[in-house]
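The values are calculated or read from the model by the stated rules, or taken from the named source; none is laboratory data. All of these numbers come straight from a predicted model, not from anything done at the bench. Please note: Cβ atoms are built from the backbone with ideal geometry, for glycine as well, and neighbour counts cover all protein chains shown.
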Amino acid sequence: MLGLGVISQIAVAQETLEVCPSNNWRKLPFLRGPSEAFRNVTKWKQADVEDYAKKTVVPQVIANIIFFAMAVFTLLGFLLWRLFRRCCMCCCMKESCATKRGAADPKQVLSGWGYWITKILILLLALAAFCFMIAGMATAEKDLVVKVWEPLDRLTGYLGNTTNTMDSLIRSLDGVNPILNNLTAIANNDINFAALKSNLNDISTFLDLPAANPNTIDGALRDLDSSITSARSQMAALKSSMAAQQPNITAFAGGMGPLSTAVSTFTDYNNKLTTLAVQFTTLTGTASTPYNPTPLATAMAAVNLASWRPNVDAMAAALDVWRYVKDTQALSTLANAARDLNTLVGDVKNNKLPGASNAITNFLSAWTTYGPAFAAIIARVDSIQATVVGLDASSNASINRLRTINANVTALLAKSPTPASLAANLNSLSTELSLGPITSLVTDLNNAQNAISNVPDASINGARTTIAAVKAALDALAPKKDLTATALTTYTAAQNNANLGALKGTVSGAGNSAELTNTAQAAAAAAASSTAVLALQTAINAGGLVSTSANIKNNLATQLTTLDSATASLDGRISTPLSTYTSLTSSVVGVYNGLPTPKSREVSSVTSTVNDVEKDMVTVPGTVRSDVNSIQSKFGNGVNDLRNKVIKKVNDFKSKNQKKLDDADSKRYIATVVLFAISAFFVLLLLLFVAINCPWGIGCAIVLCLVMTILLYLLSVLFAVGLVGAQDGCYYTETVALNAIGNTSNIQPIMRYYILDANTNVSVKSVLKTANLVDVDSVTGKVTDQANAILSNITATYTPRPKLQTVLDGVTGFINDTLARVDDLLAMAGVQNVRPIYVEVKEFPCCDLAGNAGQTWVVLTFGGWLIMLAVQVSFGHLSRLDQLPQSGCCGCKPLLLRRIQAQVHPDGGIADEEKGHVDSDGAVKAVVLSAPPAGQTMMMTGVAVGAGAGAGMMMAADGTPSAPPAYAAYPPAAVAMDPHTGAPVDAYTGAPIDPYTGMAMVPTTPPPPPVVPPPAAAQ
């Protein structure tokens, strides 16, 4: 009932299976979409048919009906027109019509833009109509009905294959008979359940031991590895930082002594430079010898720049370091790094190393006792799985987890150094690891940083500026002082005015010793009196920076050596990266943590599997033959229904109707080609007669074309009605078919599934069950369940190996064959296989037939319109030709302007000097009168009208004056002479000829009797 409900919902949501939705016939302008009334066509009565025709068919085909009526009325109108015209010409209006036509100018009628536009338009329309007819012939399908048989044959072939597959499935169910008698023997002889259970018990005990928890050893080694790695990194970083700061600390320590007495030092420099300046003044004031050089030499010796400059350089360098240390807190940073390293190494030494050593020792102790059980159980299970049966996925997963533990622990024990040696090395490292005097170094660094940071920036910057000025002045003075000293030595050796002048030249003047000495003296005086220098000196002495900086300098060198020793200890005791150990312990941890709690439950599940296998291998299932027989009976009933209710009906339809339909299709093709061929021929006739201006031919062609147009429009009406029906029928095919079958039929659910159920989760199995054809789930369930009952969980849960496989091959083959056949049957019965066949069957009426009908309707309708338009324009052209005199007895001769204007020459006959050319019986032949010269008189009917004043008026045959029309520049083109009077007359009717128009006239009064010439006098 659930499946039926689902299918019913699907039917509401989707009523049709759309095929070839892009086919052009569905886009024909008169089609308005499917009619809801067609849904219940199988229940229609006479009133419903009439209502459908009035409300659905007629509104959609009304345009085609109108076209048909237009063609009929056009034909009737044309016939009436030609009839009335003929009556007028022959009876009531004969004279006036003849006069009017006689007065028409052929050149105006048969030329000009209106004439040619009409003919060209007819030509284009006729050619277009002709092309449409040819297209209709070319596109007519010769073998249209043949297309239906191929999909029908595919349908019956498919259904036949399906029933054959079902028969094969029924027969294959007999293969359930083999009984598995030797399963118990295999279980007892090839599987040692007692050994398996003993090993599993030892493993269970090991897994619950706290010492066996791999998280302990893995965590201890990982913590130690992380700490050792961090210690190595920090040692390397600290060593690099210390080495980088060592030059600064050396410079700083070197400048602390001079800076601690800076004020007194600069005061001494000031005094000595002042004395030197005085001596330079005395020298420059001496005009000539004698001059005593001793005081100057003494003063210059007192200014010992060789010792002053390094002293001042050390001060300046120390102040630069001071500024850098205060700004960057370099000593504090170095102290923090040393402190952090000392803390880390202390933790490694006191906690991490002992913890890791103990964890390794405890784990090795537990493994030594219970570890062999792992290898034993793995070997036993591998043997069983290789020769007897492969365990289920869950049991294999448990064994594989034990296998992973065993493999990783075994690999761990094989590492070099071994875990036991590693534990001993860790104990030794914990006693010998040391960082030396790092604690006192940290203290000195922090004290120095504090003392440096406490000095205001103004004092530091002021002192740096002042001392830098002293340094610059002394650096500038040094080379000049050396020149003066050289000149002084020369003068002292030879005290003459020349040497005195040379000595004075090195002293006096811009940029020489006297000026630079004054500059240096002023800088020294400023430094001696500088409050910034004094403040810095005070801070150095108060902070004990002289001794502190010296301690830092000495301890830093010692600490670098100690770091090298500590690094060497780490590398020596931990020669193999701890990550090589943790890579194995982490694998064990991953498996261990995935085990249930308590961990022995993992082994319990394996033990339970072993117990199940032991039970299954010695148990023989019950019989299943009765169930299989019942299933075979149900399958057979379903196969019979499919053969009798579907396949037979399709075959009967083909055998009864194939020849009839093929014959009808052949006749349809011939009729279509003949219809379009005749229409094309009539159009060509119209085109030909219009081209040569044959009134009679045009009229006949118009009648024939209109008759064919009526036929085309009649057929277009019929095709339109058929397309309306196809539109509704194709949309509601499935609905009508389902209604015809009825809701109680067991075929309806499966038909609904195959033709409408496109995008649902309804399966073939549920549809077959709902239709009471076959319960696939029941078949497969009973067969496989009973087969599995024979094997219990051996084949369903485990994988048989060679020894067991020889027993199970028969049953396994039976199961596989049965399931494969069921799968094949379900695959064949799937909608993806059936739907395409149904679509092909439906495409014949709804795509091929309807498409061909739509194509034919287009040719009929638009071809008919083109013929109608060509005929309508031909009406105008025929009406134009009616303005001229009738050509021939019935207008059957072409009215060509060239021919009318051409001269007519005698054709044979006997020459007669008076009458011209005559036939052998004396009848006058037509002649052509040449244009007379200007002013020449012309005789007509006995009345002479001369040129000159009276040249503008002529007398007609009936005696009435006739004015020449504007175009009458010449006499008429062709006339005959009355043999009695010599007057020009119409060559065919004998009517008088108007001399200006050249056309026959109908006289208003009876003509005078002919004048009989008197008989000749007798000789």
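In the list Leu704, Leu688, which residue meets the criterion of being free of Cβ contacts under 8 Å to residues at least 24 places away in the same chain, within 27 Å of Leu121 (Cα to Cα) and touching a Cys at 6+ places or on another chain (Cβ under 9 Å)?
On the way: Leu704 fails: touching a Cys at 6+ places or on another chain (Cβ under 9 Å).
On inspection, the qualifying residue turns out to be Leu688.
Residues in the stretch 111-132 include at least one that is at pLDDT below 65 and out of contact with any helix residue (DSSP H, G or I) (no Cβ under 8 Å at 6 or more places or on another chain).
Answer yes if at least one residue in the stretch 787-803 is at pLDDT below 70, out of contact with any Lys or Arg (no Cβ under 9 Å at 6 or more places or on another chain), part of a helix (DSSP H, G or I) and under 23 Å from Asp167 (Cβ atoms), and no otherwise. Yes, the stretch 787-803 contains a residue that is at pLDDT below 70, out of contact with any Lys or Arg (no Cβ under 9 Å at 6 or more places or on another chain), part of a helix (DSSP H, G or I) and under 23 Å from Asp167 (Cβ atoms).
Can you confirm whether Val717 is under 26 Å from Ser766 (Cβ atoms), of a type in the set (A, V, I, L, M, F, W, C) and at pLDDT 75 or above? Judged against the criteria, Val717 is not a match.
Exactly one residue out of Asn177, Asn270, Asn215 is at pLDDT below 85 and either over 55 Å from the mean Cα position of the chain (by Cα) or on the phi < 0 side of the Ramachandran plot (or both), and it is Asn177.
Across the stretch 527-558, what is the number of residues that are surrounded by 20 or more Cβ atoms within 10 Å (Cβ to Cβ) and either among the aromatic types (Phe, Trp, Tyr) or touching a Pro at 6+ places or on another chain (Cβ under 7 Å) (or both)? The number of residues fulfilling the criteria is 1.
Look at the stretch 397-408: where a residue is in the same structural domain as Ala376 (by TED's automatic domain parsing) and within 13 Å of Trp367 (Cβ to Cβ) and a partner is among the hydrophobic types (A, V, I, L, M, F, W, C) and part of a helix (DSSP H, G or I), sitting 6+ places away or on another chain with Cβ atoms under 8 Å, you get Ile405/Phe374; Ile405/Val588; Ile405/Val591; Asn406/Phe374; Asn406/Ala375; Asn406/Ile378; Asn408/Leu584; Asn408/Val588.
Remark: pairs (first residue in the stretch 51-62, closer than 14 Å to Gln727 by Cα; second residue at pLDDT 80 or above; Cβ separation under 7 Å; 6+ apart in sequence or on different chains) = Val57/Val721; Val61/Val717; Val61/Val721. Looking only at residues in the stretch 409-429 that are without any contact (Cβ under 8 Å) to a residue 60 or more places away in the chain and in a loop (DSSP other than H, G, I, E, B), the one that is surrounded by the fewest Cβ atoms within 10 Å (Cβ to Cβ) is Ala414. Candidates Ala330, Ala316, Ala302: the one that is at pLDDT below 90 and within 30 Å of Pro258 (Cα to Cα) is Ala330. For the stretch 23-73, the tally of residues that are outside any helix (DSSP H, G or I) and either of a type in the set (A, V, I, L, M) or not assigned by TED's automatic domain parsing to the domain that holds Leu715 (or both) stands at 2. With respect to the conditions (1) surrounded by fewer than 18 Cβ atoms within 10 Å (Cβ to Cβ); (2) farther than 30 Å from Leu804 by Cβ, Pro372 falls short on a single one, namely (2).
For the stretch 430-442, a residue qualifies if it is surrounded by fewer than 18 Cβ atoms within 10 Å (Cβ to Cβ) and in contact (Cβ under 8 Å) with a residue 24 or more places away in the chain, and the qualifying residues are Glu432, Ser434, Gly436, Pro437, Thr439, Ser440. When the stretch 500-525 is filtered for residues that are of a type in the set (A, V, I, L, M, F, W, C), part of a helix (DSSP H, G or I) and farther than 17 Å from Leu276 by Cβ, the ones remaining, listed by number, are Leu500, Ala502. Here Tyr731 meets the list (1) closer than 30 Å to Val834 by Cβ; (2) in contact with a helix residue (DSSP H, G or I) (Cβ under 6 Å, 6 or more places away or on another chain); (3) not polar (S, T, N, Q) almost entirely, failing just condition (2).
Screening the stretch 646-743 for helices (runs of 4 or more DSSP H) wholly inside it with 3 or more residues that are aromatic (Phe, Trp, Tyr) returns the ranges 648-692, 695-731.
Of the residues Asp340, Asp320, which is closer than 25 Å to Thr439 by Cα and either free of Cβ contacts under 8 Å to residues at least 40 places away in the same chain or part of a helix (DSSP H, G or I) (or both)? Walk me through it before giving the result.
On the way: Asp320 fails: closer than 25 Å to Thr439 by Cα.
Just a single option satisfies the conditions, and that option is Asp340.
Of all residues in the stretch 290-349, which are under 25 Å from Ala539 (Cα atoms) and acidic (Asp, Glu)? Once the filter is applied, which keeps residues that are under 25 Å from Ala539 (Cα atoms) and acidic (Asp, Glu), the stretch 290-349 yields Asp313, Asp320, Asp327.
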